[in-house]
1. Given a 1.4 Å probe and the protein chains all in place, what does the accessible area of TYR112 round to, in Å² to the nearest 10?
2. For the chain, report the accessible area per residue in Å² (1.4 Å probe, heavy atoms, rounded to an integer).
3. Which whole-Hz ³J(HN,Hα) couplings does segment 41-55 yield from phi under the Karplus relation 6.51 cos²θ - 1.76 cosθ + 1.60, θ = phi - 60°, glycine and proline marked x?
4. May I ask for the percentage of alpha-carbon pairs in the chain that lie more than 18 Å from each other?
5. Do the sum for the chain: with -39,500 (n - 2.57) for every DSSP H run of n ≥ 4, divided by all residues, what is the mean residue ellipticity at 222 nm, to the nearest 500 deg cm²/dmol?
6. What distance in nm lies between label points placed 7 Å from Cα along the C-beta direction at GLU90 and ARG76?
7. Could you work out what % of the accessible surface of the chain is carbon and sulfur, using a 1.4 angstrom probe and leaving DNA, RNA and ligands out of the count?
Amino acid sequence: MRRLYLSATLIFWLLVSAFWAGSVWLPRSDGGVADAPERVISTAELARHALAEDCWMAIRGQVHDLGAYLPEHPSRPDIVLPWCGKEATEAYETKTRGRRHSAAADAMLASYRIGILATDKP
C-alpha cells in the first residue's frame with residue numbers, strides 16, 4: 001500500500017512539473033494580450049466613428065470606443081456627440097467648462113480603450 005501511495009505521489013508531482021515546464025517554455029497559442037502589438041489608429045479612421053452608436057474619441061493620445069457608454073453618460077448627448085470621431089483631450093480635461101473628470105471617470109475610460117492615436121509624421 002505504501003508503494004502505491006509513493007508511486008501515485010511521484011506521478012502526480014511529475015505531471016505538475018511537466019505542465020509547469022510546458023507553460024514556461026512553449027509559446028502561447030492564444031497570442032496573449034500582453035504579446036499583442038498595440039493597435040495604432042489614424043485620425044482618418046478615428047473620424048469614421050463619429051456617430052452616437054459608434055463613437056470613438058482620442059483622449060491623451062489613446063483612442064476609446066465610447067459608443068456603448070454614451071447612453072449611460074450623465075450629461076446630455078449633445079454635449080458629448082460633437083467630440084465623437086475627434087481628438088477630445090481638452091474637452092475631457094475641462095468638461096468644456098473648466099472642470100476635470102473624476103478619478104473614477106478616468107478608470108472607467110481606461111476600460112473602453114482600443115488603441116493609440118497615430119502621430120502625424122511630416
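1. About 60 Å², ignoring ligands and nucleic acids.
2. Details: 9110 Å² over 122 residues.
Ligands and nucleic acids excluded, the figure is 75 Å² per residue.
3. Each residue of segment 41-55 in turn: 10, 6, 5, 5, 5, 4, 5, 6, 10, 10, 9, 4, 7, 9, 10 Hz.
4. 64
5. Value at 222 nm, helices only: -11000 deg cm²/dmol.
6. Label at GLU90, label at ARG76, 2.2 nm between them.
7. Result for the chain: 63 percent of the exposed heavy-atom area is carbon or sulfur.
The values are calculated or read from the model by the stated rules, or taken from the named source; none is laboratory data. Source: prediction; values computed, not measured. Glycine gets a Cβ as well: all are built from the backbone with ideal geometry, and neighbour counts include every protein chain shown. Keep in mind that these areas ignore ligands, DNA and RNA; they rest on the heavy atoms of the full protein, side chains included. Shrake-Rupley method; radii C 1.70, N 1.55, O 1.52, S 1.80 Å.
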